[in-house]
Amino acid sequence: MKNRNLYFKEFRLYLLKNDKSESSIKTYTINVNLFIEWFENETKEIFAPENITELDIIDWRNHLQENINQNENTINLKLASLKNYFEFLEAEKIIDQNPSLKVKRIKSVLNSTSKSFSDSDFRKVRRHILKSGNLQHWCMWNIFVNCGVRNSELTNIKLEDIELSERKGKLRVRGKGNKIRYVPLNNMVRDSINDWLKIRSNMNINYTNIFISERKAPYTRNGIWKIFNNYFTELRLEKRYSVHSCRHYFCRSLLKSGVDLSIVAALAGHSSGFITSQIYTLPLTDELEDAINKL
């Protein structure tokens, strides 16, 4: 396989031009390789893009679902990886037709639940982080839950992205596809930013990123994930949470408070309210159980 031209270098450039992140590019490439490996083991043929049919991709989808028992989201991500790969090959006229074009995603039956914090767990985590005394972590937490930023967006916040005054504040966020949005800062966020910046100003740092690791370099996404995963683990919560749970809590809290869907979508950096409604209006498991118990 190493000696064959699978056009991965060109595929990477194609994805970069389409504003895909490095992590997405890595994931797509891994998934395409997984398909190639499965295809060759299954058919005993050497993979060639022009020989792949719609049925091959459907068979792989069924294999992932029935034999490996992967969940809908994982399978759909792998299908999306293939679609991007074959779209690229078709655009470059390496193949005549995209075999993945009509392959349907796995539809998730609405047994999915929100990834947001429950109110009680939210209070536990908030209190735990505050009691840690780490003002940088406290500042990160407040930006996550009060601004709804993604992990990758948090790591990219620069000093010049923050506007602060006594009564107002504004955060410039670089979102997916390099789209810029502005999020107002409430009193809790402004106070935590000011407290952290007082400490940061006494550090000898060569970067303008607001959040700096112990190595005096900007935090990576993985570094941020480890910080908050440690807090969640220390509390021994029954449910599993991630940094992204903060974004879910942000959007759900606004929607439950009656904020217009279009405003929540704009604050979250979504292109439409449809995306926001599909993801952040899902109920919590506790809410489903409470509903049943009322019968």
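The numbers here are math on the coordinates, done by the rules we state, and not lab data. Remember, it's a predicted structure, so these values are computed and weren't measured experimentally. Note: ideal-geometry Cβ built from the backbone for every residue, glycine included; neighbour counts use all protein chains shown.
Can you list the lysines whose alpha carbon sits under 16 Å from that of K124, skipping same-chain ones fewer than 8 residues off?
Filter leaves K239.
Describe numerically, in nm with one decimal, the distance between label points set 7 Å from Cα along Cα→Cβ at R215 and at N67.
With each label point 7 Å from Cα toward Cβ, the separation is 4.0 nm.
From the cross-link list K17/K93; K115/K168; K170/K216, which pairs have alpha carbons spaced over 21 Å apart?
Those over the limit are K115/K168; K170/K216.
Using a 10 Å cut-off around each Cβ, can you sort M188, M140 from fewest to most neighbouring Cβ atoms?
So the residues, fewest neighbours to most, are M188, M140.
From the phi angles alone, apply the Karplus equation (6.51, -1.76, 1.60; θ = phi - 60°) to segment 22-27 and give each ³J(HN,Hα) in whole Hz, x where the residue is Gly or Pro.
Couplings: 4, 5, 5, 4, 4, 5 Hz.
Net charge within 13 Å of M203 by Cβ-Cβ distance, Lys/Arg positive one each and Asp/Glu negative one each, not counting M203 itself?
Local net charge: +3.
Could you point to the label whose value was computed as log10 I(q)/I(0) by the Debye sum over Cα atoms at q = 0.07 Å⁻¹ for the structure here, given (1) -0.28; (2) -0.24; (3) -0.35?
Only one listed value fits the structure, namely (3).
Report the Cα centroid-to-centroid distance between segment 79-103 and segment 47-78 in angstrom, as an integer.
Distance between centres, Cα-based: 14 Å.
Can you tell me the FRET efficiency between K168 and V259 if r is taken as the Cβ-Cβ distance and R0 is 25 Å, rounded to the nearest 0.05?
After rounding to 0.05, the efficiency reads 0.85.
Count charges around R174 for me, please; just the other residues with Cβ under 11 Å from its Cβ, Lys/Arg as +1, Asp/Glu as -1.
Residues close to R174 contribute a combined charge of +4.
Relative contact order of segment 55-209: what whole-number percent is it, with Cα pairs under 8 angstrom and at least 6 residues apart?
Dividing the mean separation by the residue count of segment 55-209 yields 15 percent.
For q = 0.13, 0.19, 0.22 Å⁻¹, what log10 I(q)/I(0) does segment 8-91 give under the Debye formula with an equal point scatterer on each alpha carbon and no solvent?
Those come out to -0.41, -0.86, -1.11, one per q.
Using θ = phi - 60° and the Karplus relation 6.51 cos²θ - 1.76 cosθ + 1.60, list the HN-Hα couplings for segment 144-152 in order, rounded to whole Hz, with x at every Gly or Pro.
For segment 144-152, the Karplus-derived couplings read 4, 8, 10, 10, x, 6, 7, 4, 5 Hz, x marking Gly and Pro.
For G169, enumerate residues with amide H under 5 Å from its amide H, sequence gap 5+ or separate chain, H modeled in the peptide plane.
Here the answer is L185, since their amide H atoms fall under 5 Å of that of G169.
Quick one: what are the phi-derived ³J(HN,Hα) couplings along segment 95-106, Karplus 6.51/-1.76/1.60 with θ = phi - 60°, whole Hz, x for glycine and proline?
Those phi angles translate into 10, 7, 8, 7, x, 8, 4, 9, 6, 8, 5, 6 Hz.
Between E10 and N202, how high is the FRET efficiency from 1/(1 + (r/R0)^6) when r is the Cβ-Cβ distance and R₀ = 51 Å? Nearest 0.05.
0.60
Between the helical axis of 72-91 and the dominant principal axis of the chain, each derived from Cα atoms, what acute angle in degrees is found, rounded to the nearest 10?
It works out to around 60 degrees.
If you average the alpha carbon positions of segment 134-168 and of segment 178-202, how far apart do those two centres end up, in angstrom?
5
K158's amide H: which non-local residues (gap 5+, or another chain) put their own amide H closer than 5 Å, with H modeled 1.01 Å from N in plane and none for Pro or chain starts?
Amide H to amide H, under 5 Å and 5 or more residues apart or across chains, K158 pairs with I210.
Note the full-extension length gain between S23 and L77 as 0.36 nm times their separation in residues minus their Cα-Cα distance, in nm to one decimal.
Gain on extension, S23 to L77, equals 18.1 nm.
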